[in-house]
1. Placing +1 at every Lys and Arg Cβ and -1 at every Asp and Glu Cβ, with all other atoms neutral, what dipole size does the range 149-292 have around its Cα centre, in debye to the nearest 20?
2. Positive end of the charge dipole of the chain (Lys, Arg +1 and Asp, Glu -1 on Cβ, about the Cα centre): tell me which of 126, 260, 244 has its Cα farthest that way.
3. Just the accessible area for residue 117, please: 1.4 Å probe, Å², rounded to the nearest 10?
4. Output the relative contact order of the range 151-292, whole-number percent, from Cα pairs under 8 angstrom with separation of 6+ residues.
5. Accessible area, 1.4 Å probe, largest first: how do 195, 73, 273 sort?
6. How big is the Kirkwood radius of the range 16-174, worked out from every pair of different alpha carbons and given in Å to one decimal?
7. Select from 16, 29, 173 the residue farthest towards the positive end of the dipole of the chain; place +1 on Cβ of Lys and Arg, -1 on Cβ of Asp and Glu, and compute about the Cα centre.
8. If a helix is a whole DSSP H run, which ones in the chain reach 20 Å or further along their own axis (Cα) and hold a mean Kyte-Doolittle hydropathy of at least 0.5?
Amino acid sequence: MSRLQPRPLTLSTLPLRRVVLVSRPALWINTLGVALTGLWLSGQLWNTGAAWLTLLAYLTLPFNALIYGLNDVSDMAEDARSERKGGWQGARLRPHEAGSLLWSVAALNVPFLLALSWLLPPAAYLTLLLSAALFAGYSLRPLRFKTRPFLDGLSNVAYALPLLVPALMLGAPVPLLAFAALCAYAVGKHAFDAVQDIPADVAAGTTTVATRLGAGGSAGYALGWFGLSGALLWPLSPLSSAALWLVCGGMALKLRRQPTPAQAARLYALSIVSPWIVGAVSGVQLVYVLAQ
C-alpha cells in the first residue's frame with residue numbers, strides 16, 4: 001500500500017513585479033499618508049532620521065505586501081469569483097503561488113521589523129507591531145476577523161495605528177482625537193468597500209458585515225461611521241470634516257439610494273481616492289500652519 005509523500009518545502013519567492021501587484025500600490029496612501037499625517041501632527045514637516053526614513057520605506061511595499069498578500073492567500077476562493085481582481089484592484093492569486101507569496105512577505109517584512117525594533121522606541125515599535133498583527137488576524141486562521149461580522153470592520157483600526165507612531169517616536173503629544181476619527185473612518189470604509197464583494201463572498205460561504213447587513217444596511221452602517229469620523233474631526237479642522245462628509249457621506253448616501261453590489265463597484269473608484277481628497281484638504285492646512 002503506497003503512502004502519500006509530502007511536497008518538499010521550497011523557499012522560492014514570487015517575482016518582484018508580481019509582489020508589487022499583490023501589494024496594490026494604489027492603496028499605499030492608506031499607510032504612507034497616515035504616517036506622514038502623524039508626523040505633521042507631531043509638529044514637524046519632515047524628518048531625516050534613520051528611524052523615520054526606515055519606517056517610511058517599510059510602509060511602502062513590505063507592509064502592504066503583508067496586508068494584501070496574506071489576504072490574497074486566504075481569499076483565493078472569493079477572489080476566483082470576483083470580477084475586480086486580476087488588475088489594479090488586486091491580483092488574482094494562483095494556487096501554486098501561495099507558498100511563494102508567503103515567503104516573499106516574510107523576506108520583505110522580517111528585515112525591516114528587526115531594524116525598526118532597534119531604531120524605534122518600544123511604544124512606537126509595539127504600536128506598529130499591533131497594526132501588523134491585526135492585519136494578519138484579519139486574514140489568517142484561527143482569528144480570521146474577515147469572517148466575523150462587525151469584528152471584521154473594527155479590526156481595520158489597524159490602518160489608523162501608524163498615525164500614532166511618529167508622535168511616539170519623537171516624544172510628541174499623541175493625536176488621540178485625530179486617531180479616533182481615523183478609526184471611525186476605517187470601519188466605515190471597510191463596510192462600504194465590502195458591499196461590492198457580497199456575491200463572491202456569498203458564493204464562497206464567507207460571512208462578512210456586508211453579507212450580514214446587505215447592501216442597503218451596510219451603506220447605512222458606513223454612513224454612521226463616516227458621520228462620527230467627521231464629528232470627531234470637527235474640533236481639529238471643520239474644513240476636513242466637511243470634505244469627509246461630502247465625499248464619504250455622499251458616496252454612502254448614493255449607495256443607500258441604490259443598494260446593489262454593482263453600484264458599490266461603480267463607486268469604488270471614489271472610495272479609493274477618498275483618502276487622497278480628505279488627506280489633501282487636511283494636509284494643506286497642516287503644512288500651512290507648520291510653515292507659518
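The values are calculated or read from the model by the stated rules, or taken from the named source; none is laboratory data. Source: prediction; values computed, not measured. Methodologically, a virtual Cβ is constructed for each residue, glycine included, from the backbone with ideal geometry; neighbour enumeration extends over all protein chains shown. Accessible surface is based on the protein model in full, side chains and every heavy atom, while ligands, DNA and RNA are left aside. Shrake-Rupley method; radii C 1.70, N 1.55, O 1.52, S 1.80 Å.
1. Numbers: 6 positive and 4 negative charges, 65 e Å.
Using only the charged Cβ atoms, the result is roughly 320 debye.
2. 260
3. Result for residue 117: roughly 60 Å² accessible.
4. Values: 177 pairs, mean separation 33.1, N = 142.
Across the range 151-292, relative contact order equals 23 percent.
5. Numbers: 195 0, 73 30, 273 60 Å².
Result, largest first: 273, 73, 195.
6. On the way: mean 1/r = 0.0619 Å⁻¹.
Computed over Cα pairs of the range 16-174, the Kirkwood hydrodynamic radius comes out at 16.2 Å.
7. 16
8. Values: long enough: 98-119 (32 Å, 1.60); 122-139 (26 Å, 1.33); 176-194 (27 Å, 1.26); 209-233 (30 Å, 0.93); 261-291 (44 Å, 1.25).
Flagged H segments are 98-119, 122-139, 176-194, 209-233, 261-291.
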